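Derivation of every value follows stated rules applied to the coordinates shown; laboratory data play no part. Bear in mind that the values here come from a model prediction, so they are computed numbers and not experimental data. Glycine also receives a Cβ, built like all others from the backbone with ideal geometry; neighbour counts cover every protein chain displayed.
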Amino acid sequence: MCVGLFLEYILICLNLILVFVVFSNDFKNPLKRSFSLFVFGSVIWIFCANIVFVGKNMFFTKPTLLGAEVMILGFIFLAQYFPSKDKKEIKNNKTFFAFLIPWILIFLFTFSRFVIDLVDTDNDGYPNIIRGILFWARFLIMFFYATWSIYVFIKKYKELSLINKNGIFRLILFGSLLALSVLISDFFLFTTLNSFVIVLGVIFSFLFILSMAYSIARNEFVDMNIVLKKGVLYAISIFIISIVYFTFSFLFEDFLSKNDNIFHSLSGVSASVFCTVGFFYFKKDIENITDKIFFRGEYNHFLAINKFGEISSSAKDLDGLASGINEIFSETIKPSSFVLFIIKTNQIYFYKNNRREDSSTISDLYQNVTRDFNDIFTGQIFVKELKNNFNNLSEKARKKYEILISLCEKENISSIIPIYLKENLISILFIGYRRSGKEYFSQQDKILLSAISFEAGITIENIALYSGLQQYTDELNKKFIAKTEKIKNMYNSQSNFLADMSHEFQTPISILKGNLECLERKDKSKNKAEFYTIETTLDRLSRLINNLLMVSRLNSPNGKLKKNRINIYKLLERTYDDCVILTKNKGINFSFSSERCFIIGYEDKLREVLLNLISNALKYTNAGGSIFLSGKIVNDEVEIKVSDTGVGISKKNIPRIFERFYKIENNSYSGTGLGLYICKQIIEAHDGYIYVKSVLGKGSDFIIMIPRQKNN
């Protein structure tokens, strides 16, 4: 009898610790709260029933009834919340709370004489219990609630997916047996007064604990880290109970042998108290020890998820994504291998022991499974959980499952993670067994895999969009380069044509001018006006041809000259000396000033620009006006300016005066429209720029900016 009581007290403590393991894992979860209430009620019933019918303490008679009622209430809520339901949905369900009214009434009458009328002991100390008028009603109501909960469990169980059914069956089976066994034991205890029926509740309570322990370890209803820590605490708790129980028996053997009833109650209570105190006292130390011994390879899955997010967001192609997955896996779950299969393009990325391997060795079965995946699978698949769970499947679905299992066993695949984007399957991740030898994935592993699946889906889509955009951009670049080359060839052809034609025209013009000069010398008195007109026309035509030839040379790749160091002061001084006589003849004041500065460029070309600008200034400035030529350093550039007080340029013409063949309308001065265009081309060949500031009727400033040579 003592050994039996000892085992029962151990069972009570194990139940309490089971409550703590489940409840502390997520105390806000209503499903786990209901489970804890269910187990806690069974603990109250076993504890109180033993004190009453073995310890002969009648004070705990009605608490025994209370324990059974609390257990049934937990069972009701467990069925209602199972497998997962929002707590607010239950709170707002008035029908459900109306359904609980009979239980509430029975609960209120538990401590009255309507359920148990009289509690006493006979001359031998055995319980003498008289049942009240509501005893039978209480039993029937409790039995109804238990069977209703079992019905709800079975109904919801049938609606579960195949993967979720695995392991849940044991919870429903042994939970239902425990609830019914406690009710039946409770009934016979208070009708036959035979304490042996307590064994029925104890047996199923023990089976329930074994089932839950196996389910936790097998299917990881809670994280294995927590299970191992609590498992060590289980052992310590049992050790404490044993020490306290037998120490108590040894120290007070003589006294307790004469007071057997007190011994059972007092020793059990003392052992339970010491166990509870010891459990929480050693909790933190045991967790630290188990972390160091068993979980040295553990990882922070939140940090791993954040790191993969950074890797995936920077991945520009699928190679980068696969490499990122390999990097995360090598730091976390450490699989022996994994395969990333891209459905749309049939691309395969195969990694083995953290190294990229030849994908040609991958079985064709991957493609077969991928093709049919959406027909029967809806989420993550863990092979060990899937195997031998083919119930309620059609023949076609069963065959597909069998193909999948055979593939996984052949290729050593432990899990299959589908990757979706907007409910469309775009990729599948096949993961091998862990190199650590651990067959099952923990809760944090599954959270990590879900996050990788989600992030990878977005990344694959982004890579596809980026690749499409890159391909489109490359095509545009090719077309642009082809068009540019075509335009360049056309432009070169045009320049070559202009150069050839200029040469061809220049020869007959030179012949005409030579003959005209001969005729003019022979007969100076006759036809002077006609000779002058012909001569000026030929000069104008010659300038036009020279300008066209200049344009063709500027645009020709063969027309590039060698750059030299140019002294700006000397360049402006020579230009001034060449032009000063022309300005004096027209009655225009001409001056220049310049700082001593240097540039790298084509001196002859720059001199042509200056002569062109001064020629224009002479053309558009009346007698009495002024022309000013200057040069100075402005930051890292040299500024050359040709200013005049001539007629100026209107605002509407300023933006276009550097265009080829552009002439100002209503201009009485003749020109080819190429002079300023040529100036602009020459300045740009010096990596500089030219612009104009002008006020109509007041004059113009033509400003040239060219990078200067700093080391003089």
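Beyond a 18 Å Cα-Cα separation, which of these cross-linked pairs lie in this structure: K632/K710; K641/K698; K334/K410?
Values: K632/K710 13 Å; K641/K698 16 Å; K334/K410 20 Å.
From the list (K632/K710; K641/K698; K334/K410), the Cα-Cα distance tops 18 Å for K334/K410.
Output the Kirkwood hydrodynamic radius of the range 561-707, Cα pairs only, in Å rounded to one decimal. Provide the component values of the computation, followed by the final result.
Numbers: mean 1/r = 0.0644 Å⁻¹.
The Cα-based Kirkwood calculation yields 15.5 Å.
Holding the Cα-Cα limit at 28 Å, pick out from K422/K446; K483/K651; K316/K446; K62/K156 the pairs that are longer than that. Let's see the in-between values first.
Working: K422/K446 21 Å; K483/K651 35 Å; K316/K446 26 Å; K62/K156 34 Å.
K483/K651; K62/K156, as the Cα separations exceed 28 Å there.
If amide hydrogens are placed 1.01 Å from N in the peptide plane, which non-local residues have theirs closer than 5 Å to the one on F590?
Sorted by chain and number, the residues that satisfy this are I627.
The range 673-708: which trypsin sites (Lys or Arg not before Pro) are DSSP loop and have at most 15 other beta-carbon atoms within 10 angstrom?
Working: sites: K680, K693, K698, R708; in loops: K698, R708.
In loop regions of the range 673-708 (DSSP not H, G, I, E or B), the sparsely surrounded trypsin sites (Lys or Arg not before Pro) are K698.
Would you kindly derive the ³J(HN,Hα) couplings of the range 470-484 from the backbone phi angles with the Karplus curve 6.51 cos²θ - 1.76 cosθ + 1.60 (θ = phi - 60°), listing them in order in whole Hz, with x for Gly and Pro?
3J(HN,Hα) across the range 470-484, in whole Hz: 5, 5, 5, 5, 4, 5, 4, 4, 4, 5, 5, 5, 5, 5, 4.
Going through the range 575-637, which GluC sites (Glu not before Pro) have at most 11 other Cβ atoms within 10 Å and a DSSP loop state? Don't skip to the answer; put the middle values down first.
Details: sites: E595, E603, E608, E637; in loops: E595.
Nothing satisfies the criteria.
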